[in-house]
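S.K.: Starting off with a structure, shown below.
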Amino acid sequence: MLQLVTSRLLGTVSSNDLVARMSGDEFVVVQANVESPNDAEDLARKIIDSLSAPFLLEESEIRIGCTIGITLAPRDSQDAEKLLRCADLSMYRAKAEGRNTLRFYSPEMDSISWNNIGLETDLGKAIAQEQFELHYQPQIDLETGAVAGAEALLRWNRPEFGLTSPAAFIDIAEETGLINEIGAWVLKKACTQAAAWQSSPYRPLRISVNLSPVQFLRQDIVQLVEDTLKATGLNPEFLELELTEGSLLKDVERTKQILQGLKRLGVRVAIDDFGVGFSSLSYLKNFAVDTLKIDRSFISSLLAGSRDEAIVRAIISLSQSLELKVIAEGVETNAQLACLLSHACDEAQGYLFSRPIAADAFEALLKENPRYLLPKQGIPPKKVQSS
Ligand code: C2E
Ligand code: MG
Ligand code: MG
């Protein structure tokens, strides 16, 4: 696809112009001999036209769109670096207005947060430069106090910014489609890690992986999961995929099919952040899922006698009637834990037990094989060695 786009671009510019692919799906065109802004605008419109005709790729017809930011030298700057930034800024502005649009740079765009500019470019290079890592947060069985599973959480070791949480980049990754590549990497890494932990003497350990709606609704997510399980040798019953409302709301029929496909593979499916959003109960009617994860917002002010307690109790008993596993997210205090125990919640995860930690630290935790003592036994939870 990149090659096809490149040849269309080369066919549109004149021989003195320069076409370069900067990263991912970002190209730069340097136009020579610009006499007025109209010249630049004309070329930009020609490019939009040339890319709007369908592409033929392996016998499929594919349509794409593009957005163009334009900066003029010497008007905006004479510094190459600054010009690229200006072009980037105006492209972001164009993007916000929809596909097939163009925008000229203007100085008031400088007020846009610089943090986001360059994010897309950096994100495009992050996989190849091995800047991603997974951290693991234990999920505790509230009957035994043992580690029952681990949620894999993505971290980006972004140069100059340090370890960056997915909250800062998942949106951009979804918007640009990079999430597909990133998500496939996450799945592979998590399954490889989990397979290694299964064959170790510790215990069978469930691994949970978050799927983005963009990734989930892709045609071949079932195939991707199947291939990944095969390649990594992980037993499907130890993989749980976490979906949010965004995945489940869009297209009920497709979603049903995809979930059935995943069921056939034998993997588990959890609804993440359960309780926030719109029509949560209809998911339970329509879709075969295995686990509900109670959203952190209900846990954070969970006190005996509170409205949150009533909601949490209701979600737990709903799960029990439907024979689903129920996991409380974001458990930070003993009081919250005591409340969950009193309603027989299956599992909990949160800073009270452990923050998400790097793979080697998690492995050390597994080796230690802790049993978290739970308040119903009269002792505040702390890690103790089991025999
Ligand atoms: P999530 O799946 O609901 O993950 C739980 C988030 O809560 C994590 O944030 C975790 O670090 C945080 N957390 C856990 N325990 C506590 C606690 O006791 N207190 C508080 N305040 N927070 C706690 P994180 O790692 O920043 O991830 C944020 C979100 O980004 C995740 O929410 C998930 O939706 C998304 N995400 C993470 N990794 C991936 C990934 O590999 N792919 C996709 N598509 N999304 C991901
Ligand atoms: Mg999650
Ligand atoms: Mg969640």
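S.K.: Quick one: which of PHE169, PHE104 is aromatic (Phe, Trp, Tyr) and out of contact with any Pro (no Cβ under 8 Å at 6 or more places or on another chain)? Steps first, please.
M.R.: On the way: PHE104 fails: out of contact with any Pro (no Cβ under 8 Å at 6 or more places or on another chain).
Of the residues listed, the single one that is aromatic (Phe, Trp, Tyr) and out of contact with any Pro (no Cβ under 8 Å at 6 or more places or on another chain) is PHE169.
Every residue, every condition in (1) modelled with pLDDT of 90 or more; (2) surrounded by 12 or more Cβ atoms within 10 Å (Cβ to Cβ); (3) within 19 Å of ASN100 (Cβ to Cβ), yes or no:
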{"residue": "LEU9", "(1), (2), (3)": "yes, yes, yes"}
{"residue": "SER23", "(1), (2), (3)": "no, yes, no"}
{"residue": "PHE27", "(1), (2), (3)": "yes, yes, yes"}
{"residue": "ALA40", "(1), (2), (3)": "yes, yes, yes"}
{"residue": "ARG45", "(1), (2), (3)": "yes, yes, yes"}
{"residue": "GLU59", "(1), (2), (3)": "no, no, no"}
{"residue": "ARG63", "(1), (2), (3)": "no, no, yes"}
{"residue": "LYS82", "(1), (2), (3)": "yes, yes, no"}
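S.K.: Go through the stretch 131-146 and count every residue that is more than 15 Å from ligand 2 (Cβ to nearest atom) and either within 16 Å of ALA168 (Cα to Cα) or within 24 Å of the chain's Cα centre (by Cα) (or both). Please lay out each step first, then the result.
M.R.: Going through the stretch 131-146, the residues more than 15 Å from ligand 2 (Cβ to nearest atom) turn out to be 131-133, 140-146.
Restricting the remaining residues to those that are either within 16 Å of ALA168 (Cα to Cα) or within 24 Å of the chain's Cα centre (by Cα) (or both) gives 131-133, 140.
Going through the stretch 131-146 one residue at a time, the tally reaches 4.
S.K.: Now, a different point. Kindly state which helices (runs of 4 or more DSSP H) lie completely within the stretch 172-244 and contain at least 1 residues that are away from ligand 1 (no atom under 13 Å from the Cβ).
M.R.: On the way: elements: 178-199, 213-216, 221-232.
It comes to 178-199, 221-232.
S.K.: To continue, here is another question. Would you point out the residue of the stretch 313-368, among those that are among the polar types (S, T, N, Q) and assigned to a helix (DSSP H, G or I), that is nearest to ligand 1 (Cβ to nearest atom)? Give the steps one after another, and end with the answer.
M.R.: The first filter runs over the stretch 313-368 and keeps only residues among the polar types (S, T, N, Q), leaving 317, 319-321, 333-334, 336, 342, 349, 354.
Next, from what is left, pick out any that are assigned to a helix (DSSP H, G or I): 317, 319-321, 334, 336, 342.
On the way: SER317: 22, SER319: 17, GLN320: 22, SER321: 24, ASN334: 13, GLN336: 9, SER342: 19 Å.
Top of the filtered list is GLN336.
S.K.: Here is a list: VAL13, VAL28. Which entry is touching a residue at least 12 places away in the same chain (Cβ under 8 Å), under 30 Å from PRO159 (Cα atoms) and not acidic (Asp, Glu)?
M.R.: Working: VAL13 fails: under 30 Å from PRO159 (Cα atoms).
Every option except VAL28 fails the conditions.
For every residue, the table says whether it meets (1) of a type outside the set (Ser, Thr, Tyr); (2) within 13 Å of ligand 3 (Cβ to nearest atom); (3) at pLDDT below 90; (4) touching a Lys or Arg at 6+ places or on another chain (Cβ under 6 Å).
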{"position": "GLU242", "(1), (2), (3), (4)": "yes, yes, no, no"}
{"position": "GLU245", "(1), (2), (3), (4)": "yes, yes, yes, no"}
{"position": "LEU249", "(1), (2), (3), (4)": "yes, no, yes, no"}
{"position": "VAL252", "(1), (2), (3), (4)": "yes, no, yes, no"}
{"position": "LYS256", "(1), (2), (3), (4)": "yes, no, no, no"}
{"position": "GLY261", "(1), (2), (3), (4)": "yes, no, no, no"}
{"position": "ILE271", "(1), (2), (3), (4)": "yes, yes, no, no"}
{"position": "PHE274", "(1), (2), (3), (4)": "yes, yes, no, yes"}
{"position": "VAL289", "(1), (2), (3), (4)": "yes, no, no, no"}
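S.K.: Among the candidates PRO166, PRO213, which residue alone is surrounded by fewer than 21 Cβ atoms within 10 Å (Cβ to Cβ), in contact with a strand residue (DSSP E or B) (Cβ under 9 Å, 6 or more places away or on another chain), closer than 20 Å to ASP290 by Cβ and without any contact (Cβ under 8 Å) to a residue 60 or more places away in the chain?
M.R.: Values: PRO166 fails: closer than 20 Å to ASP290 by Cβ.
None of the other options fit; the residue is PRO213.
S.K.: Something else about it: Specify which of the listed residues (ARG158, ARG218) is in contact with a strand residue (DSSP E or B) (Cβ under 6 Å, 6 or more places away or on another chain) and either in the same structural domain as ALA328 (by TED's automatic domain parsing) or more than 16 Å from ligand 2 (Cβ to nearest atom) (or both).
M.R.: Testing whether each residue is in contact with a strand residue (DSSP E or B) (Cβ under 6 Å, 6 or more places away or on another chain) and either in the same structural domain as ALA328 (by TED's automatic domain parsing) or more than 16 Å from ligand 2 (Cβ to nearest atom) (or both) leaves just ARG158.
S.K.: Mind counting the residues in the stretch 142-154 that are surrounded by fewer than 23 Cβ atoms within 10 Å (Cβ to Cβ), part of a strand (DSSP E or B) and away from ligand 3 (no atom under 16 Å from the Cβ)?
M.R.: 2
S.K.: Can you name the residue in the stretch 120-132 that is in contact with a strand residue (DSSP E or B) (Cβ under 9 Å, 6 or more places away or on another chain), more than 11 Å from ligand 1 (Cβ to nearest atom) and not β-branched (Val, Ile, Thr) and, of all such residues, is modelled with the lowest pLDDT? Please lay out each step first, then the result.
M.R.: First, pick out the residues of the stretch 120-132 that are in contact with a strand residue (DSSP E or B) (Cβ under 9 Å, 6 or more places away or on another chain): 120-126, 130-132.
Pick out the ones that are also more than 11 Å from ligand 1 (Cβ to nearest atom) and you get 120-126, 130-131.
Filter once more, so that each one left must be not β-branched (Val, Ile, Thr): 120, 122-126, 130-131.
Working: GLU120: 79, ASP122: 86, LEU123: 89, GLY124: 84, LYS125: 87, ALA126: 92, GLU130: 92, GLN131: 96.
The qualifying residue modelled with the lowest pLDDT is GLU120.
S.K.: Quick check, is SER306 over 22 Å from the mean Cα position of the chain (by Cα), assigned by TED's automatic domain parsing to the domain that holds GLN139, at pLDDT below 95 and within 12 Å of ligand 1 (Cβ to nearest atom)?
M.R.: Numbers: over 22 Å from the mean Cα position of the chain (by Cα): yes; assigned by TED's automatic domain parsing to the domain that holds GLN139: yes; at pLDDT below 95: yes; within 12 Å of ligand 1 (Cβ to nearest atom): no.
Taking the combined requirement at face value, the residue does not satisfy it.
S.K.: Right, another one. Take LYS230 and tell me if it is at pLDDT below 85 and under 21 Å from LEU187 (Cβ atoms). It would help to see each step written out before you state the result.
M.R.: Details: at pLDDT below 85: no; under 21 Å from LEU187 (Cβ atoms): yes.
In short, no.
S.K.: Would you tally the residues in the stretch 183-210 being over 25 Å from ALA128 (Cα atoms) and crowded, with 19+ Cβ neighbours inside 10 Å? Break it down stepwise before answering.
M.R.: We begin by selecting, within the stretch 183-210, every residue over 25 Å from ALA128 (Cα atoms); these are 197-206.
Right, trim to crowded, with 19+ Cβ neighbours inside 10 Å and you get 197, 205-206.
Number satisfying all stated conditions: 3.
Listed here are the residues, each with its yes/no results for (1) over 29 Å from the mean Cα position of the chain (by Cα); (2) assigned by TED's automatic domain parsing to the domain that holds GLY124; (3) under 21 Å from MET109 (Cα atoms).
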position	(1), (2), (3)
LEU10	yes, no, no
GLY24	no, no, no
PRO37	yes, no, yes
LYS46	yes, no, no
SER60	no, no, no
ILE64	no, no, no
ILE68	no, no, yes
ALA73	yes, no, yes
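S.K.: Still on this structure, I have one more. I'm checking my understanding of the structure. Among residues of the stretch 234-269 that are within 16 Å of ligand 2 (Cβ to nearest atom) and of a type in the set (Asp, Glu), which one is nearest to the chain's Cα centre (by Cα)?
M.R.: Within the stretch 234-269, the match that is nearest to the chain's Cα centre (by Cα) is GLU242.
The values are calculated or read from the model by the stated rules, or taken from the named source; none is laboratory data. Model, not experiment: these values are computed from the prediction. Note that we place each Cβ from the backbone using ideal geometry, even for glycine, and neighbour counts take in every protein chain shown.
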